[in-house]
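**Student:** First, the structure itself, so that you have it in front of you.
Please treat every number below as a calculation from the coordinates, not as lab data. This is a predicted model, so every value here is computed, not measured. We place every Cβ from the backbone using ideal geometry, glycine too, and count neighbours over all the protein chains shown.
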Amino acid sequence: MTAIHVCRGTLDDEERGDLVFAGDLVIFPGVTALDAFRDRVDELVRAELGTTDPESAQFALAPTEYLDAVREARQRVRDDTAAHRLLLTALENTGLAACDTYWDWVHLRVLPHGKEHAGAGTNWHRDTWASNLYAQTNWWTPIYPITAGRTITFSPAQWSEAVANTSSEWGPRAYRGSGAENAGGAVTPQLAPPQPTVPELQVVINPGDLLCFSGAHLHGTVPNESGRTRFSVEVRTLCRTDVEQGRGAPNVDGHASRSRHQWFHHVVDGTSLRSRTAFGFRAGPL
Ligand SMILES: O=C(O)CCC(=O)C(=O)O
Ligand SMILES: [Fe+2]
């Protein structure tokens with residue numbers, strides 16, 4: 001049973017882990033530093049799209065021009081250390097201890113209106129089918145207002161129920177961040193037949209709110225037919241103590257042969273989690 005917690009105070013890493021690794025969703029409303037982060041992302045997005053209304057820019061620009069600008073905006077956010085610092089402060093505002101935290105990369109997801117852009121979203125997946133890291137915690141925030149028709153969706157019923165999937169044969173060529181998203185590639189492992197019935201929970205939060213969930217949750221993108229483009233940012237964290245102590249969500253159906261510690265770098269000093277051989281991690285190539 002998934003509960004949704006609206007947490008107006010802070011949770012330390014252990015308290016947060018107790019909820020998230022049990023399948024609960026945690027919403028931190030009005031996180032202080034998130035306003036400045038959002039302003040920064042908005043500035044980068046407007047600059048790249050050359051508009052004051054990014055949510056309708058897809059209708060104003062030629063398709064290739066638009067997709068190029070989106071790619072640039074995504075890269076700008078991924079490289080922008082000022083934005084990263086603000087996002088880290090926002091995570092710390094929720095109680096996260098930066099000294100113990102590794103993250104992957106700050107990913108701007110742009111989901112335009114219309115079926116032809118569906119590849120910019122994701123099908124149902126658990127991130128852990130790819131990362132094989134059960135302490136993985138996902139953070140997600142909208143940059144502009146969203147609706148139930150323009151958001152992320154969860155299948156709480158499948159938290160503890162195995163579903164057939166392609167995690168055993170999925171490989172790093174589909175590595176997230178490679179740009180495969182907009183080419184409609186299999187960015188994460190997929191559901192395999194038989195397709196389960198997936199009762200959905202679409203989560204609508206405000207810009208400035210942060211949604212936190214286990215990477216082991218079955219989740220995906222609501223197809224955007226809302227008439228406006230969705231802009232959201234996601235990042236994944238690992239708490240070193242969780243990894244060292246083997247804390248995390250249960251694995252109900254992941255069959256990846258490797259764990260992708262190398263996707264995660266320390267939020268302050270940038271050292272790779274893979275290089276922390278003191279943990280006894282395999283340090284082999286992808
Ligand atoms: O934003 C979405 O639609 C999907 C996000 C996602 O899969 C993630 O944050 O791991
Ligand atoms: Fe995901």
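**Student:** So what is the relative contact order for the chain, in percent, with contacts set as C-alpha pairs under 8 Å and at least six apart?
**Tutor:** Numbers: 591 pairs, mean separation 83.2, N = 286.
Across the chain, relative contact order equals 29 percent.
**Student:** Hey, another quick one. Given the peptides 94-101, 4-11, 121-128, arrange them by the average over their residues of other C-beta atoms within 10 Å, most packed first.
**Tutor:** Values: 94-101: 17.1, 4-11: 12.9, 121-128: 23.0.
Highest mean packing first, the order is 121-128, 94-101, 4-11.
**Student:** Place a point 7 Å from the Cα of Val268 along the Cα-to-Cβ direction; which residues of segment 1-43 have their backbone N under 19 Å from it?
**Tutor:** From segment 1-43, the list is 11-14, 33.
**Student:** Peptides 257-269, 206-218: what's the order by average Cβ count within 10 Å, highest mean first?
**Tutor:** Values: 257-269: 17.4, 206-218: 22.5.
Packing order, densest peptide first, comes out as 206-218, 257-269.
**Student:** Next question, about the same structure. Under 18 Å from a point placed 7 Å out from the Cα of Glu14 along the Cα-to-Cβ direction: which residues of segment 69-113 have their backbone N that close?
**Tutor:** Label zone hits: 95-101.
**Student:** Shape verdict for the chain, please, from the Cα gyration tensor: rounded (a/c under 1.5), prolate (a/b greater than b/c) or oblate.
**Tutor:** Numbers: a/c = 1.40, a/b = 1.23, b/c = 1.14.
The shape class here is rounded.
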